[in-house]
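Remarks on the structure that follows.
The values are calculated or read from the model by the stated rules, or taken from the named source; none is laboratory data. Predicted model, so just to flag it, every value in this text is computed and none were measured. Positions of Cβ are generated from backbone atoms using ideal geometry, with glycine treated the same way; all protein chains shown enter the neighbour counts.
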Amino acid sequence: MSDKSPASEEVVIKQYPNSTHWLEGNQVRAVGNLIVTNKRLVFLRQTVLTEKEIENTRKLSQEAGTERLIEFALSLHKKNFQVPLSSIVSAKLGFHFMFPSLKPCMRVSYKTASKKVKTLSFRFTLPFLKRLMLSEFPTLGWIRAINKAVKAQRRAAS
C-alpha cells in the first residue's frame, strides 16, 4: 500500500523535448527539454548518456513514478534546474532578438529564496514543416499551461 495520496503524485502537464532554448540576454545558454508538472518547472540540458545511465533511465521509467524519474534526469547534468510552481510569479510572452528579426519567447518570472524576482527566458524551435502547419505558437500554449498550473497549485495549497 502506498503512503502517498493521488493528489501528491507528480504529473507531467506539458513537455517540449530537445528543442527548447534557454536564453540569457541575446544568447542561447543551453538547448534541452522543458517540462512543467503539477509541482515544478524543469529544464533538462541535452546530454550524452552512458550505457549505465541509459539502463537506469529505462529501469526508472518502468518502475518509478514521475517524481523519481525527473530527479534522476536532474542529476544527469549539474546545470539542469527546477523552479517550484509556488515560486513562479508569472509567465509572459516576450521577444528575443536574433538578427535580422525578433523571435517570440516565453519569460518566466519567479521569486528566489532571498525573495528577489528573477526571469528565465525560453524559445521553442520547430522543424520547418511543423512550423507551417501550426495554428499558433507553442509559446502561447506554454504560457497558458504554466499560468494554469500555478493557479491550480496555489488553490490546492490554500
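Condition check for V36 on (1) β-branched (V, I, T); (2) surrounded by 13 or more Cβ atoms within 10 Å (Cβ to Cβ); (3) out of contact with any Lys or Arg (no Cβ under 9 Å at 6 or more places or on another chain): one failure, at (3).
Cβ-Cβ distances below 7 Å connect the following pairs, each with a first residue in the range 130-158 that is over 13 Å from V36 (Cα atoms) and surrounded by fewer than 12 Cβ atoms within 10 Å (Cβ to Cβ), a second residue that is modelled with pLDDT of 90 or more and small (G, A, S), and a separation of six or more residues or different chains: A157/S86. Restricted to the range 51-133, the set of strands (runs of 3 or more DSSP E) holding at least 3 residues that are aliphatic (A, V, I, L, M) and either touching a Ser or Thr at 6+ places or on another chain (Cβ under 9 Å) or closer than 21 Å to P17 by Cβ (or both) comprises 88-98.
Here are some residues: A30, A113, A91. Which one is surrounded by 14 or more Cβ atoms within 10 Å (Cβ to Cβ) and either farther than 17 Å from A145 by Cβ or not hydrophobic (A, V, I, L, M, F, W, C) (or both)?
Numbers: A113 fails: surrounded by 14 or more Cβ atoms within 10 Å (Cβ to Cβ); A91 fails: either farther than 17 Å from A145 by Cβ or not hydrophobic (A, V, I, L, M, F, W, C) (or both).
None of the others qualify; the one that does is A30.
Only one residue in K103, K59 is among the charged types (D, E, K, R), at pLDDT below 85 and touching a His at 6+ places or on another chain (Cβ under 7 Å). Which one? Don't jump to the end; show me each part of the working.
Values: K59 fails: touching a His at 6+ places or on another chain (Cβ under 7 Å).
Of the residues listed, the single one that is among the charged types (D, E, K, R), at pLDDT below 85 and touching a His at 6+ places or on another chain (Cβ under 7 Å) is K103.
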